[in-house]
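Here the structure is laid out as structure tokens; the discussion comes afterwards.
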Amino acid sequence: MNDPFTVLGIGEDAGDDEIKQRYLAQVRAFPPDREPERFQAYRAAYEAVRDQRKRLEAKLLRINDAALSRLKLAVLSPSRPVCGRATKATVTALLLEGIDRVCTKVSGSSES
Amino acid sequence: MSDRLRQGPFHEASVPPLAAKATEALRLGDFKQAIELFKRLVKQDARPEWRDALTEAYAGRARILAAKGMFEEAETALSKTTAPDGTVLDPLLYVQCLVKRGQLRKAAELAVKYIGNNRVPASTAPKLAELAAALWLAAPVPLAAPVDHKSEAGKWVEHAAAAQQSLTAWIEGKPRQEIDQLLSRIPLRSAFRALRLILKSLMIAAADPARARQLLDGIPPESAFASFRLAVEAALPEGTPEPVAMPSKAQQVFAVEVKGLPGAASQSLVQWTKAERSGPGALLTFLASQTSTLPADDVKSACLNLLPQAPDRLRQFESAFGLLSKFDKNRVLALAAEARNDWERAEQCWTIAAQSIEPAAGMETGLSAGVIYRHLARLAHEHPEIEGEGKSEFPAIEYLELSLRADPDHLPTVLQLTGLYRKHRQDRDWHRLAEDAAQRFPEESAVLLQATDSAIARKAYKKAVGFARKLLALDPINQAARQRMIELHISHAHKQIRLKRADLAWKELAEAAEWERPGAPSFLLHINQGLVGRELGQEPDAEARLRRGVELAGGGVAGWFRASLEHALMNASEANGALLRQELTRAQQTAAPTKEEILSIVSAVGNKDARESKKAVRGLIFRIRGWLLKGGGLAWSAAEFHAMAEMFGRVDAYDLLADYAKLAGRRAPEEATWRYYQVVARSKGDPARLSFAEREELFGMEEVAVRRRDFHTANRIQRFIEGSGPKSAQRRGSRRVSRADLMDFDDDNESLLLELLAVGLEDTPPDMVKRMIEKLGRRQAVTALVDRIRATPLGDMPEPLLRELAKNIVESVIATNGQARHE
């Protein structure tokens, strides 16, 4: 699982209320009947940080990518509007990424 | 499986055994075996149903190989399913294998070929069509002009052309109207629908990001276009709605391109990507140099999180961000040690980290120390290298105690520690903690149940009743608490019967009945009421109650065994004995044993009272011996077998154990458990009776178990080897400290121990050891030497220490006299 702070998009110092609100907002945006995989990811992340002891476990015993993700998003400066165009190579790379992902999933589920 | 095969003639009595075996292998998913067998059958007679089954077996095998990542082999297996028209049985899997092997053009060609093909199952056709769409856009292959424009394949080709044109138009920056016109040629039911949604979303993103996001929601995460969708989503204003994972390289580049980010950002991203590719150390160095351009706190936090993967950059980190606290430094070192499986070092660093914050006041420091000690307790379960400080025989207990001291309100730790005290027979600690916990957590039913058990165990019956009543006030249907109280009263009733006070026993049972929940009758209570009622002459009600109890206990041998056991435990008059014997004999003649029945008997014999009445239980087991023998051929799992073996051992039924182990060994010869129990049965559970070869074999099994990290088995074997004779308790108790002893022995006390050995081994001079090595080889010489030491005053040492000592002597003799002649 990705680290729970990154999945929920919260800081490592977020408190119980903030985490719960963020989780509920994500579940509302991606309800389990429509997006079961995302819901599972949010649920698992929420369970991993829902109280102070669990948050400490996540912070102390595991390596988390939360700060790294924030930095990367800062580099990508999300506040700028989308008005440019991507190159063909980039679009092809994105398509190949999606194809690879879907093929990996098919092979994983084929056995069952 | 094909219907033809399922309903075919294979199930008839005349079916050849090979065909039946092949069908069964296919049904069980043993495709390798099914392929072999159907190949033989088809060679003999190419019946269509056997050819179909062979094809199906190849497809099944391909699925398994693909799931293991063996795509080339899966592709080969699938190629064997090719029909005369050139189609394969599972085209989606075939395309997937080609993609995973990097053969994109071939995959695209093949996927396109299957569009509209009626051999593709309806359930996978849309997936295959969409995958073909994405593949064709990524790796275009020439498309044949469709014969029929209205056919599914014809429509797909038309949509493909429109999709490619609109994508090119968007990439080339053509005006929105032009792109819209092209997109309108892609219907929403087309396989290219996702591309239409993505391009629409990109065109309205700047003006209406919410609508853009809404459009993207129409692309499911399992779509082949999902990565493209996420890239667009991540680039939309107001940040990403779901930062589920860090953006991929392609997604990052996409964001830079569509947002027209300044050169500095692109440059920075390129450097970042390069550093990331070179490993965590390089990334840390890169990030540490970016404190002026990126948020400093996040840079420090990111670097701190990279440190466990690059501990050699610790000094660099400290020079960039200042000295780390003792806690942080040891945490980083502990995580780094864990990453390289150095558990001793991890334990050392975690302990220092926890100790460094313990004295500090404050809730968070206490919780942090608690978290670390609990982590160490978990590690102690999994890695024998974690040893604690030796304050307890069991390091997990030691660390849980420390955790509880740092964080006394952590309920799961309380319950876990109580359970461990109980399991390891640390009764004083168990009772103390159970009592404390009941006061600290008066509203927790799990705690109250533990407190009830503890009170029963120390015969504080009033307290037990008090705890049980509190528990039922909180949780009125708690069956476990009711069961405990019923058992408690039954145990008292047994005592009364033994004192020939059937009337008082009846009273106890009446009190037990108060704990019985309506609708959930207790078989134990019914049986006891029946038996005591018969003692009091309350016929025919008593017998009816007894029979009802037997029925509730599962009836048959299991039910009558249970009744006979209760009768034996209360040591009642012969009046019941005759009836029970008669019924038990009749039940044995009625039906062959089942696993459930035998396991029910195992569970009854494992009961505390039964454990204390070995003689009575042994007699009962002897009475059903013939019936039990018939159960040896059942397919027992290793876990079930352990429980049964324990019962057989407890009642000295080693002949039954030998029989069961032998039959199990025939069924699954590769499973070492059966061989272990054969050795246990042959030595009648007494390691002193083990032959030299058997002892060696057990040590071998233990080593294999340790290598595959099966510590349960390793400990079981070790306990057996150590666990008998007058010194058993002492040896068992010293098991945990042995490793520490060995380390001391290696470092400091070797000469002292050698002196001791010289005294004890006056009749085993070095020359004799040398001869033993030459004759037996190094390994067996060690074992022979262990046997000799065992007979000396040093024989009381724990087994591992004995072996280590013998090993050192053998090594030192080899070092002095050259290599052992043979191994």
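The table below lists the values:
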read-out: Total residues in the range B:370-381, condition crowded, with 22+ Cβ neighbours inside 10 Å and either facing another protein chain (nearest Cβ under 10 Å) or in contact (Cβ under 8 Å) with a residue 60 or more places away in the chain (or both); value: 4
read-out: Of all residues in the range B:648-663 being of a type in the set (A, V, I, L, M, F, W, C) and in contact with a Leu (Cβ under 9 Å, 6 or more places away or on another chain), the one that is modelled with the lowest pLDDT; value: B:V651
read-out: Test for B:A162: is it among the small types (G, A, S), surrounded by 19 or more Cβ atoms within 10 Å (Cβ to Cβ), more than 14 Å from chain A (Cβ to nearest Cβ) and free of Cβ contacts under 8 Å to residues at least 60 places away in the same chain; value: yes
read-out: Failed criterion for B:K614 (all others in (1) of a type in the set (K, R); (2) more than 19 Å from B:H494 (Cα to Cα); (3) surrounded by 13 or more Cβ atoms within 10 Å (Cβ to Cβ) hold); value: (2)
read-out: Helices (runs of 4 or more DSSP H) enclosed by the range A:1-91 - at least 1 residues per element that are under 24 Å from B:R213 (Cα atoms), modelled with pLDDT under 90 and facing chain B (nearest Cβ under 10 Å); value: A:4-8, A:16-29, A:36-49, A:66-75
read-out: Options B:P187, B:P140: the member that is outside any helix (DSSP H, G or I), under 20 Å from A:A86 (Cα atoms), more than 40 Å from the chain's Cα centre (by Cα) and touching a residue at least 24 places away in the same chain (Cβ under 8 Å); value: B:P140
read-out: Flag for A:G98 being in a loop (DSSP other than H, G, I, E, B) and facing chain B (nearest Cβ under 10 Å); value: no
read-out: Those residues of the range B:317-332 which are touching a helix residue (DSSP H, G or I) at 6+ places or on another chain (Cβ under 8 Å) and more than 18 Å from B:A380 (Cα to Cα), in sequence order; value: B:F317, B:A320, B:F321, B:L324, B:S325, B:K326, B:F327, B:D328, B:K329, B:N330, B:V332
read-out: Out of B:P311, B:P384, B:P408, sole residue that is touching a helix residue (DSSP H, G or I) at 6+ places or on another chain (Cβ under 6 Å), of a type outside the set (D, E, K, R) and more than 11 Å from every other protein chain (Cβ to nearest Cβ); value: B:P311
read-out: Residues of the range B:226-246 that turn out to be at pLDDT 55 or above and of a type in the set (V, I, T), as a count; value: 1
read-out: Selection status of B:A337, out of contact with any Lys or Arg (no Cβ under 9 Å at 6 or more places or on another chain), closer than 25 Å to B:L307 by Cα and outside the structural domain of B:A302 (by TED's automatic domain parsing); value: no
read-out: Residue within the range B:72-87 that is surrounded by 14 or more Cβ atoms within 10 Å (Cβ to Cβ), farther than 30 Å from B:G260 by Cβ, in contact (Cβ under 8 Å) with a residue 40 or more places away in the chain and in contact with a Leu (Cβ under 7 Å, 6 or more places away or on another chain) present; value: no
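The values are calculated or read from the model by the stated rules, or taken from the named source; none is laboratory data. As the structure is a computational prediction, the values presented were derived from the model and not from experiment. FYI the Cβ positions are ideal-geometry reconstructions off the backbone, even for glycines, and counts take in every protein chain you see.
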